[in-house]
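Please read the structure below before turning to the comments.
The values are calculated or read from the model by the stated rules, or taken from the named source; none is laboratory data. Treat the numbers as computed from the prediction; the structure is a model and nothing was measured. Please note: Cβ atoms are built from the backbone with ideal geometry, for glycine as well, and neighbour counts cover all protein chains shown. In case anyone asks, the SASA skips ligands and DNA or RNA and just uses the protein heavy atoms, side chains included. Shrake-Rupley method; radii C 1.70, N 1.55, O 1.52, S 1.80 Å.
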Amino acid sequence: MNYVFPPAPQVSVPVAGSDARFPVRRVYCVGRNYADHAAEMGAHDQASGREPPFFFSKPADALVPGGGDVAYPPATGNLQHEVELVVALGQGGADIPLERALDCVFGYAVGFDLTRRDLQGRAKEKGHPWDMGKGFDQSAPIGPIVPVAQCGHPVQGALWLRVNGALRQNGDLARMSWKVAEVIANLSRFVALAPGDLIFTGTPAGVSTVGRGDVLEGGVDALGEFGRLRARLY
Ligand code: MN
């Protein structure tokens, strides 16, 4: 192929226990998928029923595989962390039936949905898109992908994040409003999903503001030793 300049490299994430890597196509995220986080964001109490899931995206090259040093982003005074279970798809499709949705999953990882909360808040007020609040450079540190063969389909267990050793988020996968199969089936009604797609499934309560020098350590205990992620802001 005769490109006018060299194409960007394929974004990929390590696979736990393997030399092979998972090639990333798209990165989707679910908003407000834990009631306690929705409440701390000021959303109306949904105890009487679930609000339909809604989705946003990050560019694939916003991923920071393995975590490590992450640059504090420009144009924000309120960077916040969100620790999430990430679903990695090995198969896709459109209008995926609920009962076949989990067959599409290759594996799972822990990820951080870093958020410019000030920009997101202003976007909400004005009805503007969330992209600059969510989809900025290095906004998505992610741990290795653990194949389903190793971890099964986790439905419960701690999902936590510490800032400089202090526990900030301490949720449980069992409290997700829309479960993984429901998220996949629902998202596939809006877009055709494909192998290589990642879905960040939302965060529990406890998000907080972080700054340069802070160390974020998070985990999804159901993923065992590979369900750990560390990022240091500089
Ligand atoms: Mn999130």
**Asked** Pick from region 105-128 the residues that are free of Cβ contacts under 8 Å to residues at least 24 places away in the same chain and part of a loop (DSSP other than H, G, I, E, B): which of them is farthest from the ligand (Cβ to nearest atom)?
**Response** 127
**Request:** Please state which one of 189, 212, 168 is not hydrophobic (A, V, I, L, M, F, W, C) and not in a loop (DSSP other than H, G, I, E, B).
**Result:** 168
**Message:** Looking at region 46-66, can you tell me whether even one residue there is at pLDDT 95 or above, assigned to a helix (DSSP H, G or I) and either more than 16 Å from the ligand (Cβ to nearest atom) or not aliphatic (A, V, I, L, M) (or both)?
**Reply:** yes
**Message:** Being modelled with pLDDT of 95 or more and more than 19 Å from residue 190 (Cα to Cα) is the requirement here; does residue 4 meet it?
**Reply:** yes
**Message:** Can you tell me which residue is nearest to residue 89 (Cα to Cα) among those in region 141-160 that are open to solvent by 20 Å² or more (accessible area, probe 1.4 Å) and aliphatic (A, V, I, L, M)?
**Reply:** 148
**Request:** Among the residues of region 6-39, count how many are more than 12 Å from the ligand (Cβ to nearest atom), surrounded by 15 or more Cβ atoms within 10 Å (Cβ to Cβ) and not hydrophobic (A, V, I, L, M, F, W, C).
**Result:** 5
**Fill in**
Flagged pairs (Cβ under 8 angstrom, 6 or more apart or on separate chains; first in region 195-209, within 19 Å of residue 80 (Cα to Cα); second away from the ligand (no atom under 12 Å from the Cβ) and of a type in the set (S, T, N, Q)) are 202/177; 204/170; 206/170; 209/78
